[in-house]
1. How would you rank K541, K320, going from fewest to most other Cβ atoms within 10 Å of each one's own Cβ?
2. Name the long-range amide H neighbours of F178: under 5 Å, sequence gap of 5 or more, or other chain; modelled H, no Pro or chain starts.
3. Give, as a single signed number, the net charge of other residues whose beta carbon lies under 12 Å from the beta carbon of E428, with Lys and Arg counted +1 and Asp and Glu -1.
4. Using only Cα atoms, what is the ratio of the radius of gyration of region 422-564 to 2.2 N^0.38 Å?
5. Under the rule of at least 5 residues apart or a separate chain, name every residue whose amide H is placed under 5 Å from the amide H of L64.
6. Can you work out D for region 172-283 in µm² s⁻¹ from Stokes-Einstein, where Rh is the Kirkwood radius over C-alpha pairs, the temperature is 37 °C and the viscosity is 0.692 mPa s?
7. Gain in length, F471 to N647, computed as 0.36 nm per residue apart minus the alpha-carbon separation, to one decimal in nm?
8. Contact order normalised by length for region 443-572, with contacts defined as Cα pairs under 8 Å and 6 or more residues apart; what percent is it?
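Read-outs: derived from the displayed coordinates by stated rules, not from any lab. All figures in this text were calculated on a predicted structure; none of them were measured in a lab. Because the Cβ atoms are built from the backbone with ideal geometry, glycine has one as well, and the counts that use them run over all protein chains shown.
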Amino acid sequence: MNRLSQVNQVTDHNNSAPRTCIGGDALAVSPPALPAPPYEQVLRNMFWSAPSGVYQTDTQGRPLASSPCCSAGPGDAGTHRMGYLNPQEREGLATSFQAAMEAGQQWNQQFQYHFADGAVSRLRAVVAPLRGADGLLIGYQVCTIDTTAQYEAHQELALSEDRHRVALDAAELGIWDFDVAENDCYFSPYCYEMLGYSGGQMQVRLEDWTNIIHPQYLENARRVLENCISGAIEKFEIEFRLKTNEGKWHWFRCTGKAAERDASGKARRLAGTLLDINQAKLMEHLLQMEHGLLNLITATSPVGIMFIESDGNTTFVNPKAERILGLTKQQMAHREPPVIDSIFSAEQEQHTGGELSLGQILEQGRCLLQSCFIFTRPDGSSAVLSISTAPFLDTASTVSGTVVTLEDVTEQKKREQVLADNDRLLRETQRIAQLGSYVLDLAKDQWVCSSKLEEILGIDAAYPKTLQGHFEIVHEEFREQFIDSYRAAISNDRPFEHEYKIRRHNDGEERWVTECCELTRDAGGKQARMIGTIKDITERKAAEEAIRNLNDELDRRVIERTSQLVAAKKEIESFSYSVSHDLRAPLRHINSYSSILVEEHGNSLPEEARYYLERICTASNRMGKQIDDLLALTRVGRAIMKRSTFNISQLAADVVDMLSDESDNPPEFVVQPGISAFGDSALVRLVLQNLLGNSVKYSSRTLSPRIEFGQTLVGGRHAFFVRDNGVGFDMAYVEKLFQPFQRLHGSEFEGTGIGLATVRRIIERHGGSIWAEGKEHEGATFYFTLSNPRKADGTSRR
C-alpha cells in the first residue's frame, strides 16, 4: 500500500511530453486531458467491473488497457464480473473522494460492491491522483483488495464479543485476568462500576485491590490465591467484603482458576469473575433475622401454635402450646391416640349428635375461628380451649398442613359464667326490688333498658326509646317539672333524683316511681350518656300514706300523753312541795319536842322512856335525810344541764379533799391526773361525791383502805372508774344497786338507798351508762361513761 503513495513523475528523453511513473515503472504518455466528469461518475467508471489489483485510469476513471499493473481490461467482459457500488454508500463515497482529490491526498475507503448476480463483497480501495509535469491531473492510480473474508471474520468476532458482553452484563459479572509473572491484573470495567469507581481511578495492580479487602478476610484471600498459583488447588471460590468508592463495605464473591501453568505446575496466569452479592447477603441477613424473629414470636407468643401435617402428625409446637396442653413436643409425637384426636369440640354436631375431635374436623377440611374445645391434660385437669385453624400452602399453592392456634380460656369461661350468673342475679334482683335500669346515649338520642324497666313502664320493643319518649310516660301532673329538672341535670352535670307518677303505656295505670341517674363523659370529656335506674315505689307510697295516718294518730296520742305527763309533773311538784313543807314541819315538831323532853325531863324519865325518845329523834332525823335525798333526786331530773369540757381529775381531787377533812381515818386516795370530761360539772361533782363517799363508807372497816379514781378502756370505749378494797357485794344482787331505797347492806352502814339512784339518773341524762363489778370482802369497782363532746366544741375526752 505504501507503494501506491509513491507516485513519481519522470521525463522521456526522446519526447518532451511528460510521463508518469508509479513504483519506478514508466507509463505511456497520456492523451490530452478531457474535461473532468463528476466524481461520482469517476468512481462508477473505476469500479464498473470490480477489478482486483493495481491499475491506472484516465481522468474519467476508466481503466487503461495499457496499464502494466492492471489485472484485467475494461473490455474483457468474459473474465470480469460486472457490478456497481452500493447505492446507499455512493453519495458519501463520492463526497469523500472529491474532498481527497481536491486536497491532493489519497482516498482510502472500504465499501460494499454489488455484483449483477446478486453477490455482495467488501472492497478496500486506495486511489491516488496522477499528475503531469505541469501539475495537471492526468489520471488515477487505483489499488483494490477484496476484504470480504476479513470483514466477515471481524463481524463474527464482534458478534461473539457482543454476546459475551451481554452475557456478562446479564449475569452482572466482572472479569479479571492476572498475569502472575508481571504482577499485572486486568479488571473489566464492570468491576470498577460495582465498586463505584470510574475508569482510571484505580490501578490494575493486584495490591490496589488487596488494599480494599476488609482486614477480616485479607489473610484468607491471600492464602487462597497463593494456593492456586502454587497448584495446591486448581480453582477457588471465596466471599469477602470490599470497600466501595463511597467508603462502604460490600459483599463480593470471587471465583478463579489457573488459565496457564508452566512445566513445574506453577500458574502463569489466573482468570476469574467478580460478583456483587451484597444484596443477596442483605437478603440472607434479613431472612435470618426474620427466621429469628419468627422463632422469638412463636417462643414468646401468648397463644399456643401448632403445625399439623396432612397425615395428622404434629411437626411444630411452640412453648405456649406445650404449657396449655401439659405435653412436650416429644410426648405429642409418640402419643397414641394423637393429641388432635384427644381434643373434642364442646358443641355437639347436629347430624351425628356426638362430639367431634379436632382431628376429625381437620380431615373434613373445615376452618375454625375461635371454636370451643375441651381437652383433658395428663394430670387429669380439664382445659377449655379456643381454637382457630388456617390451611398452610406450599410453594406450589398446595395445602401441605394446617396451622392451629389455641388459647386456654378456662378462666375466661369461668368469668363469663360468673358474669352470666351475676347478670341473671341482677335481673332477679331488679325483679324482686321492682327496679329497672337504662342507659341514654345523648348523641344518638336513644336509650336501652332492662326487661324489668320495660315491665315497670308498660312498654315493648316497638316503643320509641328516645328522650321525648321518656318524657311522654311521665304523668301530666309531673311532666313539666320533670323535664325541667332532667334537662338541668344534663346541663349542670349533676346527679338527678326525682319521685313522680307515670302513666303506663300499655294499660294507662298510674304508678309511683323514683328515678336516679348520673351523667357520664367520654374519653374526650364530652357528655356521652345518662345512666340511671327507675324503681316502682307505688307500694311504698301507699305504706307512707298509711304511716302518715298512723303518725297523725300518734301525734294526737302524744299530745294527750304529754298533757297527762304535764299534769303528772305538776302533781310531782305539788308532792315535792308537800314533802318539803307539809312533812318537814311535823318532823321538826316531833324532833324538837323529843329533844326538849330528853334535855329538860330526861332525869325524871325512866331509862326505857329515854331510850324510846332517842329512837324517835333518830328516826325523825333519818326520815328528814330521806326526804332531802328524795328531793335531790327529783331536782336532778328537773335541773337544766350546762355542758362543757372540764378537768374531771381536778374535780375528783376537790371531792377527795372534802371527804378527807370529814373523816377521822381517811383512806389512801389515788387520782389519775390530766383526765378531761364533757358534761355538767355540777352534776358530775354530785356523782363523784356519791361514788367516792360510798367507797369511803364501805372501806372504813378495812385495815388499809385504798380508793382509786381514773380512766380505762372497756369494750373499746373510754370509761371512768371508782375502785375500793372495801366490803364489796354479791354480784347476784347487782341490779338492786341503782334502785331507789334498795340497800345490799344492813344497818351496820348508814344510808338511805337514794344515792346510787341519783347517780344513775345523772349519768343517763348525760347519755352515758353506769355499771358495777364486785366481790364480797374484796372490794367493788363502779364504771360510768359520759357523752362525747360535739364536733363544734373542738374538744375531746381523753
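1. With the sparsest Cβ surroundings first, the list reads K541, K320.
2. Y186, L270, A271
3. Net of charged neighbours comes to +2.
4. 1.28
5. For L64, the qualifying residues are Q56, T57, D58.
6. Working: Rh = 14.3 Å.
For the chosen part, D equals 229 µm²/s.
7. 57.0 nm
8. Reported as a whole number, the value is 16 percent.
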